[in-house]
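I have placed the structure first, in the form of structure tokens, so that the comments after it can refer back to it.
Every number in this text was worked out from the coordinates using simple rules, so none of it is lab data. Treat the numbers as computed from the prediction; the structure is a model and nothing was measured. Here the Cβ positions follow ideal geometry from the backbone for every residue, glycine too, while neighbour counts run over all protein chains shown.
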Amino acid sequence: MSSTFSKEEKAAMKAAIAEAKAAKEGADLEAACLASIADMTGTDKELAETLHRLVQEHTALKPRTWYGMPAYAGTDGKAVVFFQSAAKFTVRYATIGFQPAANLDEGNLWPTSYAVTGLTAADQEQLVALLTKAVSSRS
């Protein structure tokens with residue numbers, strides 16, 4: 001087993017370093033998020049645009065990037081939810097994932113990432129419910 005990183009993983013790490021520097025310098029993080037979506041094509045782009053719209057309409061999370069991917073952060077700047085395109089890592093499905101800051105805890109086991117190949121109206125409703133729960137206050 002090789003201990004080296006793939007070129008995609010190396011690119012993601014470089015992106016994370018650049019994002020941290022940009023955030024320190026007060027860069028326009030929303031513009032970076034929108035640019036990462038604009039660089040996508042096909043289904044990945046449609047899915048990322050839909051997630052962006054739903055986050056904007058249903059949460060107060062702020063757009064940014066996270067390892068070069070569109071992401072949405074809480075007031076502390078930490079990513080809560082992110083989108084990973086299928087093309088970025090040459091896989092068959094995109095992923096919508098939630099970070100530990102998301103309030104999705106449910107018992108001892110709960111999903112934090114979802115494979116996505118499309119988003120019907122019903123899927124979007126389910127995603128809105130997850131986003132709403134993710135940003136809710138812990139009791």
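Across region 45-74, which residue is nearest to residue 34 (Cα to Cα) among those that are of a type in the set (S, T, N, Q) and either touching a His at 6+ places or on another chain (Cβ under 7 Å) or touching a residue at least 12 places away in the same chain (Cβ under 8 Å) (or both)?
Here the residue is 65.
Out of the residues in region 93-111 that are of a type in the set (S, T, N, Q) and surrounded by 13 or more Cβ atoms within 10 Å (Cβ to Cβ), state the one that is farthest from residue 75 (Cα to Cα).
95
Quick one: is residue 116 over 13 Å from the mean Cα position of the chain (by Cα), farther than 26 Å from residue 17 by Cβ and of a type in the set (Val, Ile, Thr)?
Against the criterion (over 13 Å from the mean Cα position of the chain (by Cα), farther than 26 Å from residue 17 by Cβ and of a type in the set (Val, Ile, Thr)), residue 116 does not qualify.
Pull out all pairs, ordered by first then second residue, where Cβ-Cβ is under 7 Å, the residues are six or more apart or on different chains, the first lies in region 77-104 and is over 17 Å from residue 123 (Cα atoms), and the second is acidic (Asp, Glu) and crowded, with 16+ Cβ neighbours inside 10 Å.
Between residues of region 77-104 that are over 17 Å from residue 123 (Cα atoms) and residues that are acidic (Asp, Glu) and crowded, with 16+ Cβ neighbours inside 10 Å, the close pairs are 85/44; 86/44; 87/44.
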